[in-house]
Amino acid sequence: MTTEILLTAGLIFVLRVINNAIGTVRLVLLARQQRFLTAVLGFFEALVFAITIAVVVTDFSNLLNLFSYCFGFSVGSWVGMAIESRFLTSFMIINIFSNEGGHEIALALRASGYGVTELGGEGYEGKVTMLRSVVTQRDAPALLKVVRQTNSDAFVAIEQARSVQGGWLRPARNQIQ
């Protein structure tokens, strides 16, 4: 194998990683209805894809280039998700339903620094406490841990919030994932 062959395969890999990472972030922004950013990223995603695929389709018998293209797609998905989780703040709506001990869950969540709204309701087996909290995706596992430690029988449903305005949110934590 020559240096040129290896450099071409490496270039295909890098371009495909960039292409798929851009695509992953673009889809997140699309779901959040960030139209302008979605369009700009779409332009660059298409440009990088066109350049990359042009190199690959010129010689389908070159298995190294084909492998680099496919492997770059896989790694690009991972890189895109890492970018999303690290640099784009996603919010989750945590809904907690409890037949008993709902107020205690709310107190434990507040003591842990989470905002929570407490509502009364009627369920299949009678009175229930409904709790709603909006947290960053990073904080969701810690919030769920507090809920499980307080009442392991509570029913929890999690939704992704498209956008968040106003209200009270736990201050951002400086953490590296």
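A few remarks follow.
- For region 108-154, residues that are in contact with an Asp or Glu (Cβ under 9 Å, 6 or more places away or on another chain), charged (D, E, K, R) and in a helix (DSSP H, G or I) total 0.
- For first residues located in region 33-59 and within 19 Å of G76 (Cα to Cα), partners that are surrounded by 13 or more Cβ atoms within 10 Å (Cβ to Cβ) and small (G, A, S) and lie 6+ apart or on another chain with Cβ distances below 7 Å form the pairs E45/G23.
- Any hit, region 70-91, residues being within 17 Å of V135 (Cβ to Cβ) and at pLDDT 90 or above: no
- Looking across region 155-173, just one residue is open to solvent by 80 Å² or more (accessible area, probe 1.4 Å), outside any loop (DSSP other than H, G, I, E, B) and modelled with pLDDT under 90, and that is Q160.
- Test: residue in region 124-132 that is in contact (Cβ under 8 Å) with a residue 12 or more places away in the chain, under 30 Å from T8 (Cβ atoms) and open to solvent by less than 40 Å² (accessible area, probe 1.4 Å): no
- Residues that are touching an Asp or Glu at 6+ places or on another chain (Cβ under 9 Å) and at pLDDT 90 or above within region 25-52 comprise just one, R26.
Yes/no matrix, rows are residues, columns are (1) over 21 Å from V28 (Cα atoms); (2) at pLDDT 90 or above:
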{"residue": "G121", "(1), (2)": "yes, yes"}
{"residue": "V128", "(1), (2)": "yes, yes"}
{"residue": "Q137", "(1), (2)": "no, no"}
{"residue": "N151", "(1), (2)": "yes, yes"}
{"residue": "Q175", "(1), (2)": "yes, no"}
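- Test: F97 is at pLDDT 95 or above and touching a strand residue (DSSP E or B) at 6+ places or on another chain (Cβ under 9 Å): yes
- Checking each residue in region 61-110 for being under 22 Å from the mean Cα position of the chain (by Cα) and closer than 30 Å to G126 by Cα picks out M92, I93, I94, N95, I96.
- Only listed residue being touching a Ser or Thr at 6+ places or on another chain (Cβ under 9 Å) and in contact (Cβ under 8 Å) with a residue 60 or more places away in the chain, chosen from L64, L11, L107: L64
The values are calculated or read from the model by the stated rules, or taken from the named source; none is laboratory data. Note that the coordinates shown come from a computational prediction; the quantities given were computed from them, not determined experimentally. Note that each Cβ is placed from the backbone with ideal geometry, even for glycine, and that neighbours are counted across all protein chains shown. Protein only, heavy atoms only, side chains kept; ligands, DNA and RNA dropped before computing areas. Shrake-Rupley method; radii C 1.70, N 1.55, O 1.52, S 1.80 Å.
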